[in-house]
Structure formats: C-alpha cells, structure tokens
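Heads up: the structure comes next, in structure tokens.
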Amino acid sequence: MPHRKTIAGQVEQLIGSLCGASICDDCITDRLNLSVRSQANVVTRELGHREKYGRAKTPCGQCGALKTAIQIKIQGANWRKLFAFS
Ligand SMILES: [Zn+2]
C-alpha cells in the first residue's frame, strides 16, 4: 500500500492500526498533529458510513472519554459485544 499523505489516508491508517480499538476525533487530531479537530471530524463522519467502520457514542479506547468514536470492524472479533455496552 503506497504511503498516502492526505489526511483521510492518515486517519484510515491510524484507525486500522488500532486493530478494532475505538478512537475519538480529539485523539485522532492529537495523534496526527492536525491543526483543527474538524479535519478529523470530516473524515470520520465519512468513514462512519462505510460498512468497514463503526462510529458511535462509546468510550474512546485511547483517552477513555465517552464520546463519538470510530473503530474498524475486525472480522471475527466481538464487535457486537463491544458495542452492546454503548
Ligand atoms: Zn479519545
């Protein structure tokens, strides 16, 4: 996979690297050193519509805050179980 420099590409890569752990927009902003949070928000909102990702109000796997966070759906993982708590 080629290294993409776009913010969307970086966000996708970051979410994928968490192996199913959730991450909120603030943590994405922090991890990728984005200048404003809305840059992450635009991307996660878009990704949230895809089958591959789940986006819901859930405790963030990084900072622990209960907010809208996104995670990649890992096949075979107990994704539904994780979301049963939200
Ligand atoms: Zn967070």
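The values are calculated or read from the model by the stated rules, or taken from the named source; none is laboratory data. Worth saying up front: this structure is predicted, and the values here are computed from it rather than measured. No Cβ is skipped: glycine too gets one built from the backbone with ideal geometry, and neighbour counts run over all protein chains shown.
Considering every residue within the range 40-60, establish whether at least one is more than 23 Å from residue 5 (Cα to Cα) and near the ligand (Cβ under 10 Å from one of its atoms). Looking through the range 40-60, at least one residue is more than 23 Å from residue 5 (Cα to Cα) and near the ligand (Cβ under 10 Å from one of its atoms). Those residues that are part of a loop (DSSP other than H, G, I, E, B), among the small types (Gly, Ala, Ser) and touching a residue at least 24 places away in the same chain (Cβ under 8 Å), I need them from the range 49-67; list them, please. Passing the criteria: 61, 65. If the condition is being modelled with pLDDT of 95 or more and part of a loop (DSSP other than H, G, I, E, B), then the range 22-48 contributes 22, 32, 33, 34, 48. The residues in the range 20-38 that are under 12 Å from residue 71 (Cβ atoms) and either away from the ligand (no atom under 12 Å from the Cβ) or over 11 Å from the mean Cα position of the chain (by Cα) (or both) can be counted, and the count is 1.
Annotation note: Cβ proximity below 8 Å between a residue of the range 8-33 that is more than 14 Å from residue 46 (Cβ to Cβ) and a residue that is away from the ligand (no atom under 15 Å from the Cβ) and polar (S, T, N, Q) (sequence gap 6+ or interchain) occurs for 29/39; 32/10. Looking only at the range 10-19, residues that are within 16 Å of residue 50 (Cβ to Cβ) and more than 9 Å from the chain's Cα centre (by Cα) come to 1 in all.
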